[in-house]
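Chemist: My structure is below; once you've seen it, I'll send some questions.
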Amino acid sequence: MASDAPVAASRITPAELSARKGGEPIVCLTAYTYPIARLLDPHVDLQLVGDSVAMVLHGHPTTLGATMDMMIAHGQAVMRGSSRACVVVDMPVGSYEDTVENAVACAQRIVRETGCHAVKLEGGVAIAAQIAAIVVAGIPVMGHIGLLPQSVEKEGGYKIKGRSEANAELLYTDAKAVEAAGAFSVVIEGTVEPVAAEITRRIAIPTIGIGASAQCDGQILVIDDAIGLTVDRVPKFVKEYALLRDTVSKAAEDYARDVRSRAFPGPEHLFSLSKDKA
Ligand code: KIV
């Protein structure tokens, strides 16, 4: 796919990330738009076009609002803005759970229409057959276990995982199933620290933590959380590296004052009859 972003020497591939198990931590952030993808690209190993886009940019209450068309449009924008990082696109709810055939067809459509390098699916044992079939079709897969946002309605809320021994065992089984199915890495979300660390020790593919453990092989955050653009509740597992909501709010306040007082536009923003630059 053509891109007007600066061309890097080479892309980081899923295979290269997989080989980093136990080595330098893998840096991941979500990205949904062209300008953010351009800004993140020199600094991160992986950009995830997460289905969190439905909440973060489109105002849906959960990720259940994400659609194939939405994921593809944002995947295309992120691909245009990146030239170095590995780009992974989330498969939205309803695109992979029912049959293996539908999962493969939807993964193929995402890769064909965006040019992304891998897809991500939520679940362990329950969707291992889908992961295996997508991998056999030649598409790298990132797994996602622990707290699964697409299951929020079934679970009656966002529940931290691994608090009981029985639940921890289920997570170990899920992690092994995702690994055996051929995923190149797996996100562990919202899982108690010792269990996330133990999963990381037990499997040979990199684990990417979010609300999980510093022992994971990499970390991911939702970009709007990381730059302080989240206007509702900021989750406990988030570290804000900037406070852009204050910057944006102040800019809007200053602009409104300038327009109302006719301080903007100033002479430097206006065109005269003589030729000048736009
Ligand atoms: O959709 C998303 O942003 C994600 C990350 C939280 C891992 O799946």
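The values are calculated or read from the model by the stated rules, or taken from the named source; none is laboratory data. Small disclaimer: the values here were computed from a predicted structure and weren't measured. Cβ: placed from backbone, ideal geometry, glycine included. Neighbour counts: every protein chain shown. Ligands, DNA and RNA are excluded from the accessible area calculation, which covers all protein heavy atoms including side chains. Shrake-Rupley method; radii C 1.70, N 1.55, O 1.52, S 1.80 Å.
Chemist: On the given criteria, is Gly157 in contact with a strand residue (DSSP E or B) (Cβ under 8 Å, 6 or more places away or on another chain) and at positive phi? Talk me through it step by step, then tell me what you get.
Modeler: Details: in contact with a strand residue (DSSP E or B) (Cβ under 8 Å, 6 or more places away or on another chain): no; at positive phi: yes.
Answer is no for this residue.
Chemist: OK, next. Can you go through Val248, Val238 and tell me which one is of a type outside the set (Asp, Glu), open to solvent by less than 70 Å² (accessible area, probe 1.4 Å) and free of Cβ contacts under 8 Å to residues at least 24 places away in the same chain?
Modeler: Details: Val248 fails: open to solvent by less than 70 Å² (accessible area, probe 1.4 Å).
Exactly one residue qualifies, and that residue is Val238.
Chemist: On the given criteria, is Pro149 in contact with a strand residue (DSSP E or B) (Cβ under 9 Å, 6 or more places away or on another chain), at pLDDT 95 or above and within 16 Å of the ligand (Cβ to nearest atom)? Explain how you work it out, then say what you get.
Modeler: Working: in contact with a strand residue (DSSP E or B) (Cβ under 9 Å, 6 or more places away or on another chain): yes; at pLDDT 95 or above: yes; within 16 Å of the ligand (Cβ to nearest atom): yes.
Yes; evaluated as a whole, the condition is true for this residue.
Chemist: I'd like to check something: does segment 132-143 contain any residue that is open to solvent by 10 Å² or more (accessible area, probe 1.4 Å), within 16 Å of the chain's Cα centre (by Cα) and either away from the ligand (no atom under 16 Å from the Cβ) or not β-branched (Val, Ile, Thr) (or both)? Walk me through it before giving the result.
Modeler: Taking segment 132-143 as the starting set, the residues that turn out to be open to solvent by 10 Å² or more (accessible area, probe 1.4 Å) are 132-133, 135-140.
From what's left, within 16 Å of the chain's Cα centre (by Cα): 140.
Checking which are either away from the ligand (no atom under 16 Å from the Cβ) or not β-branched (Val, Ile, Thr) (or both) leaves us with 140.
Within segment 132-143 (the criterion being open to solvent by 10 Å² or more (accessible area, probe 1.4 Å), within 16 Å of the chain's Cα centre (by Cα) and either away from the ligand (no atom under 16 Å from the Cβ) or not β-branched (Val, Ile, Thr) (or both)), the answer is yes, since at least one residue qualifies.
Chemist: Another question, if that's okay. Report, by residue number, each residue of segment 193-216 that is away from the ligand (no atom under 14 Å from the Cβ) and β-branched (Val, Ile, Thr). Steps first, please.
Modeler: Within segment 193-216, the first condition is being away from the ligand (no atom under 14 Å from the Cβ), and the residues that meet it are 193-195, 197-205, 213-215.
The answer is Val195, Ile199, Thr200, Ile203, Ile205.
Chemist: Does Gly190 satisfy the criteria of being away from the ligand (no atom under 16 Å from the Cβ) and surrounded by 15 or more Cβ atoms within 10 Å (Cβ to Cβ)?
Modeler: Values: away from the ligand (no atom under 16 Å from the Cβ): no; surrounded by 15 or more Cβ atoms within 10 Å (Cβ to Cβ): yes.
When the stated conditions are applied, Gly190 does not pass them.
Chemist: Can you pull out the residues in segment 111-127 that are open to solvent by 10 Å² or more (accessible area, probe 1.4 Å), part of a loop (DSSP other than H, G, I, E, B) and of a type in the set (Gly, Ala, Ser)?
Modeler: Gly115, the sole residue that qualifies.
Chemist: A follow-up question, please. I need the full set of residues from segment 152-176 which are open to solvent by 20 Å² or more (accessible area, probe 1.4 Å) and under 17 Å from Gln130 (Cβ atoms), in order please.
Modeler: Thr173, Asp174, Lys176
Chemist: Name the pairs: first residue in segment 162-181 and closer than 14 Å to Pro206 by Cα, second residue of a type in the set (Val, Ile, Thr) and not in a helix (DSSP H, G or I), Cβ to Cβ under 7 Å, at least 6 apart or on different chains?
Modeler: Close Cβ pairs (under 7 Å, with a partner that is of a type in the set (Val, Ile, Thr) and not in a helix (DSSP H, G or I)) amount to Ala175/Ile145; Ala175/Val186; Ala175/Ile203; Lys176/Ile203; Val178/Ile145; Val178/Val186; Glu179/Ile203; Glu179/Ile205.
Chemist: Quick one: would you say Ser18 is open to solvent by less than 60 Å² (accessible area, probe 1.4 Å) and more than 22 Å from Val141 (Cβ to Cβ)?
Modeler: Details: open to solvent by less than 60 Å² (accessible area, probe 1.4 Å): yes; more than 22 Å from Val141 (Cβ to Cβ): no.
Taking the combined requirement at face value, the residue does not satisfy it.
Chemist: Would you check which residues across segment 209-223 are open to solvent by 20 Å² or more (accessible area, probe 1.4 Å), within 15 Å of Val44 (Cα to Cα) and not aliphatic (A, V, I, L, M) and list them?
Modeler: Going through segment 209-223, the residues open to solvent by 20 Å² or more (accessible area, probe 1.4 Å) turn out to be 211, 214-215, 219, 221-222.
Next cut, within 15 Å of Val44 (Cα to Cα) only: 219, 221-222.
Passing the criteria: only Gln219.
Chemist: Report, by residue number, each residue of segment 102-123 that is in contact (Cβ under 8 Å) with a residue 40 or more places away in the chain, within 15 Å of the ligand (Cβ to nearest atom) and of a type outside the set (Val, Ile, Thr).
Modeler: Looking only at segment 102-123, we keep the residues that are in contact (Cβ under 8 Å) with a residue 40 or more places away in the chain, and these are 109-110, 113-118, 120, 123.
Right, trim to within 15 Å of the ligand (Cβ to nearest atom) and you get 110, 116, 118, 120, 123.
Listed by number, the residues that qualify are Cys116, Ala118, Lys120, Gly123.
Chemist: Going by the conditions given, is Val104 of a type in the set (Val, Ile, Thr), assigned to a loop (DSSP other than H, G, I, E, B) and at negative phi?
Modeler: Values: of a type in the set (Val, Ile, Thr): yes; assigned to a loop (DSSP other than H, G, I, E, B): no; at negative phi: yes.
Answer is no for this residue.
Chemist: Only one of these is away from the ligand (no atom under 11 Å from the Cβ) and of a type in the set (Val, Ile, Thr): Val78, Val53, Val88, Val49. Name it. Walk me through it before giving the result.
Modeler: On the way: Val53 fails: away from the ligand (no atom under 11 Å from the Cβ); Val88 fails: away from the ligand (no atom under 11 Å from the Cβ); Val49 fails: away from the ligand (no atom under 11 Å from the Cβ).
Within the list Val78, Val53, Val88, Val49, the selection yields Val78.
Chemist: Still on this structure: With the requirement that a residue be outside any strand (DSSP E or B) and either crowded, with 23+ Cβ neighbours inside 10 Å or in contact (Cβ under 8 Å) with a residue 40 or more places away in the chain (or both), what does segment 40-56 give you? Step through it out loud before you land on a result.
Modeler: Going residue by residue through segment 40-56, those that are outside any strand (DSSP E or B) are 40-45, 50-56.
Once the filter is applied, which keeps residues that are outside any strand (DSSP E or B) and either crowded, with 23+ Cβ neighbours inside 10 Å or in contact (Cβ under 8 Å) with a residue 40 or more places away in the chain (or both), segment 40-56 yields Leu40, Asp41, Pro42, Val44, Asp45, Gly50, Asp51, Ser52, Val53, Ala54, Val56.
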